[in-house]
Structure formats: structure tokens, C-alpha cells
Amino acid sequence: MDFPRTVEFVTLRCQKQEVQYVKYNAAYFMSFSVPMGGSYKFGLLDVLGESSLSPRMASGMQDKQYTPSLLSFFIYNPTFGPREGEEEKKILFYHPIDVEKNEKIRNVGLCEAIVQFTRTFCPTKPAKSLHTQKNRQFFFEPEDNFWIVMVVRNPMIEKPNKDGKPPTTEYQEEEILDTVYGAVVRQCYSMYKLFNGTFGRAMEAGGVELLIQKLEKFFYRYLQTLHLQSCDLLDVFGGISFFPLDKMTYLKIQSFVNRVEESLSLIKYTAFLYNDQLIWSGLEQDDMRILYKYLTTSLFPRHSEPELAGRDSPLRPEVTGNLLHYGRFLTGPTNFKDPEAKFRFPKIFVSTEDGYEELHLIVYKAMSAAACFMINASVELTRAFCEQLDSLVGPQLTLLASDICEQFTINRRIAGPEKEPQFKFIYFNHMNLAEKSTIHMRKTASVSLTSVHPDLMKILGDINCDFARVDEDEEIIVKAMTDYWVVGKKSDQRELYVILNQKNANLIEVNEEVKRLCATQFNNIFFLD
């Protein structure tokens, strides 16, 4: 162990006491200092392990850069093993699986001790994160006594030394934002709950054994899709990108949804998306938010295809004449005409007034348009139903996709050629979860391609942290070391972040430029000056 090691603890405010910092010392103790003048210590083993590293060479240098990576992820319940010798019973899931049993117990015990100790200062708000030089731990209690812990290795730079000496490692402790990775932990639970229901539901249905089976089946696959180096401010928002439509086309979609739900009375909820953007949803916001993330980062990318464009294609006369279409099921059987096909669809859980309900999820796509139909899970879906849905939805959805594409093309032609703007922005509305980003060229589960430097993304995250600390509306303007201007505005449950590339501008000019941006891009949205 490399002592002394300094550890920064997430600040906890509670009445008159505040945890300011945590420090390991050479005597294997953790000490907490509070402004009241007291200091607290308890024995602690250093159990934060190393990771297997995959270096990335920095351009033009011999330094090796390592991005954040997942060291461990585990779920435990402290009430399941209260007596000595039963500690392993607390552990419901642990990744990686090949970790030795005693190390698992030590790691869980450390987290349990940290959570319990911080309750001393604020019983209702235990620790959310623990900062160390090499790693950062995130704690989340989604249900009573069920804790999810994610340990992330801090990014670092390995610098070679002369004379054959071992390389020098510099840990970039401040490059990880608690808000971003705390949101990732919450997303993990939300995604599990979408497909499995709550932990409590599994306990009621089959006890601890069933819960462990469900956790292992879900998280061993899901954690492989986590790419922590791609996480940023959009993960904090967890928003929904809405597709802009004219009124007539929107009414066509509304009419389509009503006709399908009337013809197929089994359908309980419907969602309609085009080009991975939402147009219509019958679900509650929080349910649609996590379903939207699953669709756009997992399901749709697996079924990407070349898209047909517009009414000028030879598709339309074939559709009207022969009822041919481009519709297909993205969930369920790949070929429902196969006599051996099994008509199983994934099941999801959505919230209701008195709890939750289980539903079949049918996702049907034609070109760039996708319709999600949700049906009560107690209903058995048959071949006849799928054939009826295909014949009814396929032609209509294909025509709708063509109409939307044509309208979108006309609107872009009217707007004229796009010029490279001098600004990039991210917008989020907390009321309807609408988000829009011109910074992200592509955002999926495995990659986040942004058009700005990561340092600027870090500044956006820092501004968001400042906004989260207060309820009042405010504005923050920052000039980066690279001469970029970064502006954050928080007004009436809306947040706007702007990056300006105007090296010689002053504060007044930057403020005027942001006002012009609001007037052109958000002319129907009120921002306080």
C-alpha cells in the first residue's frame, strides 16, 4: 500500500456539521474532519484494487493515457448477513466474478462502514461517493437496504523515465464528475427495473435465490455495454430528443396511433419515433425516458439499415398497388412466417398509480419510423395477432415514414444550406425531458463523438454541478484556457450551455451573442436575462 494517501470525500451538509475531507494515514486509519472542531477515526483496510489497463498513446508524445474504466460493480443488502461468519450472504451480485471471496467481503464491508459512518452526520443522506487517488466509488440505495456500488478507476497518464526506471504515474483525480457517474449508476438500476421490476418484486416471487439469478442474468450482459469514457453531461440529463414536425404531419401520426389502437384493442400504450427521435408517447415520462435510452442506444443500433428517402422513390406505387411495405419486427420472431417461429417478446415494467404493470414490448419499424406497442403481459401473443399487426401497421407506417422524410427534406431546403455556426450548445428542459445538442455528432452506448475538446465538456459538467446546488435561476460565463467562452444559463426549469469560439470577444459581446442564439434557436422559449 502507498501511504499516506489523501482521499477527498463528497461534501455532506447536515444541520451544523459538514464532512470536509477524509484522509488515510500510515496507521491504516481513516480520519474525518468537521468544522465543529472534532475529528473521528476508525480502523480501515485499504481494499481498493488495481485494474487491467489498456493504454492509449497520446498524440506526438510517449506518454500513455488511460481513460476511466470499471473496476468493480456490486450489489449487497446488509440485513442478509447480520452475524459474524455470514458476511457472504449480503452479496447479491459482484463483478468481476473471479474476485476471491474474502476480497469481495472486504470491499462490501468497507462500503457498508462508509455508509454507516456518514449517517452519523446526516441520517437521511448517507455518502454518495468516495474519492481516492486511484479510484472513485459511487453508492446508490434504490430500495430500502439494497445498495449498488460502482468503483471506477481514475484516468491517468503514464510518463516514461530515463535510465530504465519504472514510469511515473499521474492520476487525474478531478477529471471524473460525481454527477455524471452517479447518473450512470442510477441508469443501471432503472434499466434493470425496466426489464425485471424492482428488487422487492423478485424477493416476493422467489426469495434471495431468484433475485440473485435475475441480477446475474441482467448485469453480466449489461455491464459489458458500459463505456465509461463516453459518459458526459447528457447522461446526467437522461433526456429525450424530440423530432420537429409540422402540425399536419403530427396529426397524421396521431391519427395513425388512434386507428391502430382502435383496430388492435389489446394495445395499451404506443410510442412513435422517427430517426431515433420521439414524436409521440402514451407512457409516463420516467418510463419513456429509460425505454427511449434502451431503444436508441441498444435495440436500434443492432438493427440499423440503409434508409429509403422520400416520395420520389419507386416504393410508393408498389405500396398503394400491392400493399407491399418495408415494415418488420425488431422484437419477437425474426420471421413470423416460419412455422417453427416462437412468438416471444421482451417484457417491460412500467409504473402505475398503485405500483407497476408488466407488458409485452413489440417494436415494429419501417425505414426510419418505429412504432412501439405495449400489451398486457397476461395476454398470450399468437401468430394470427402478429400477422394482423404486420398487415395493418406495415403499409401505413411505410407511407408515414415517406411523408415525414419528404416534409423534413422540404423544411431543410427552405431553411437553406447550413453554415458552420460559431457556437455549439446543449439544451435541456426538466419539465418535458426535451434535450438538444449540437455538440454531440453521435451518442450511443459505446461511443460519444463530440465536436469539442474533452476539457470543455468537463467545464460544462462543472457548471451543471453549480446549478444543482441552488434552486434560483442563474447564469455562469467562463473563459477557458483555450480562449473558448463557455456560458451556462438556468431559467425556469430549463438549462442552456453554449460554447463560443470567439477568441477576441469580451464579456458584453459574449452575452449579446448568447441572446442572439436564444432568439434564433429558442424563439418560443422564455429565458430570463
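Worth pointing out:
- For LYS193, the requirement of being open to solvent by 70 Å² or more (accessible area, probe 1.4 Å), within 28 Å of the chain's Cα centre (by Cα) and over 29 Å from ILE463 (Cβ atoms) is met.
- Taking segment 449-472 as the range and being in contact with an Asp or Glu (Cβ under 7 Å, 6 or more places away or on another chain) and either over 19 Å from LEU234 (Cα atoms) or outside the structural domain of LYS515 (by the TED database) (or both) as the test, no residue passes.
- Restricting attention to segment 298-329 and to residues that are modelled with pLDDT of 75 or more and part of a helix (DSSP H, G or I), the residue that is nearest to the chain's Cα centre (by Cα) turns out to be SER298.
- Residue match in segment 267-278 (condition: of a type in the set (D, E, K, R), assigned to a strand (DSSP E or B) and surrounded by fewer than 19 Cβ atoms within 10 Å (Cβ to Cβ)): yes
- Yes/no for LEU291 being open to solvent by less than 40 Å² (accessible area, probe 1.4 Å), more than 13 Å from the chain's Cα centre (by Cα), within 30 Å of ARG136 (Cβ to Cβ) and not assigned by the TED database to the domain that holds TYR497: no
- Matching entry among GLU512, GLU475, GLU435 (being part of a strand (DSSP E or B) and free of Cβ contacts under 8 Å to residues at least 60 places away in the same chain): GLU475
- Some residue of segment 78-94 being open to solvent by 40 Å² or more (accessible area, probe 1.4 Å), under 30 Å from PRO454 (Cα atoms) and modelled with pLDDT under 90: no
- Per the listing ASP232, ASP178, the residue uniquely in contact with a Cys (Cβ under 9 Å, 6 or more places away or on another chain), touching a residue at least 12 places away in the same chain (Cβ under 8 Å) and more than 14 Å from PHE73 (Cα to Cα) is ASP178.
- Breaking point among (1) buried (at least 20 other Cβ atoms within 10 Å of the Cβ); (2) without any contact (Cβ under 8 Å) to a residue 24 or more places away in the chain, for ARG469: (1)
- Residues being of a type in the set (A, V, I, L, M, F, W, C) and either closer than 21 Å to CYS465 by Cβ or in contact with a helix residue (DSSP H, G or I) (Cβ under 8 Å, 6 or more places away or on another chain) (or both) - total across segment 483-522: 9
- Selection from segment 495-517 of residues that are in contact with an Asp or Glu (Cβ under 9 Å, 6 or more places away or on another chain), open to solvent by less than 60 Å² (accessible area, probe 1.4 Å) and within 18 Å of TYR427 (Cα to Cα): VAL498, LEU500, ASN511, VAL514
- Taken over segment 128-182, the criterion of being basic (Lys, Arg) and closer than 20 Å to GLN229 by Cα is satisfied by LYS134, ARG136, ARG153.
- Residue list for segment 330-357, restricted to those being outside any loop (DSSP other than H, G, I, E, B) and surrounded by 15 or more Cβ atoms within 10 Å (Cβ to Cβ): LYS347, ILE348, PHE349, VAL350, TYR356, GLU357
- Lone unmet requirement of (1) within 29 Å of SER230 (Cα to Cα); (2) at pLDDT 85 or above for ALA113: (1)
- Filter result (open to solvent by 20 Å² or more (accessible area, probe 1.4 Å) and within 31 Å of the chain's Cα centre (by Cα)) within segment 378-404: SER378
- Verdict on GLN213 being polar (S, T, N, Q), in the same structural domain as LEU400 (by the TED database) and open to solvent by 20 Å² or more (accessible area, probe 1.4 Å): no
- Here GLU284 does not qualify as open to solvent by 50 Å² or more (accessible area, probe 1.4 Å), of a type in the set (Asp, Glu) and modelled with pLDDT under 90.
- Among the residues examined, ILE253 does not qualify as touching a Phe, Trp or Tyr at 6+ places or on another chain (Cβ under 8 Å) and not assigned by the TED database to the domain that holds LEU381.
- Checking PHE74 against (1) outside any strand (DSSP E or B); (2) under 28 Å from the mean Cα position of the chain (by Cα), the condition it does not meet: (1)
- Scope segment 104-159; condition of a type outside the set (A, V, I, L, M, F, W, C), more than 26 Å from the chain's Cα centre (by Cα) and open to solvent by less than 30 Å² (accessible area, probe 1.4 Å); matching residues: THR118
- Scanning segment 244-256 for residues that are without any contact (Cβ under 8 Å) to a residue 60 or more places away in the chain and touching a strand residue (DSSP E or B) at 6+ places or on another chain (Cβ under 8 Å), we see that the one that is surrounded by the fewest Cβ atoms within 10 Å (Cβ to Cβ) is GLN254.
The values are calculated or read from the model by the stated rules, or taken from the named source; none is laboratory data. Predicted, not measured: the structure shown is a model, and the values here were computed from it. Here Cβ is always computed from backbone atoms with ideal geometry, including for glycine, and neighbour counts include all displayed protein chains. The protein model used for the area step is the full one, side chains on, heavy atoms only, and it has no ligands, DNA or RNA in it. Shrake-Rupley method; radii C 1.70, N 1.55, O 1.52, S 1.80 Å.
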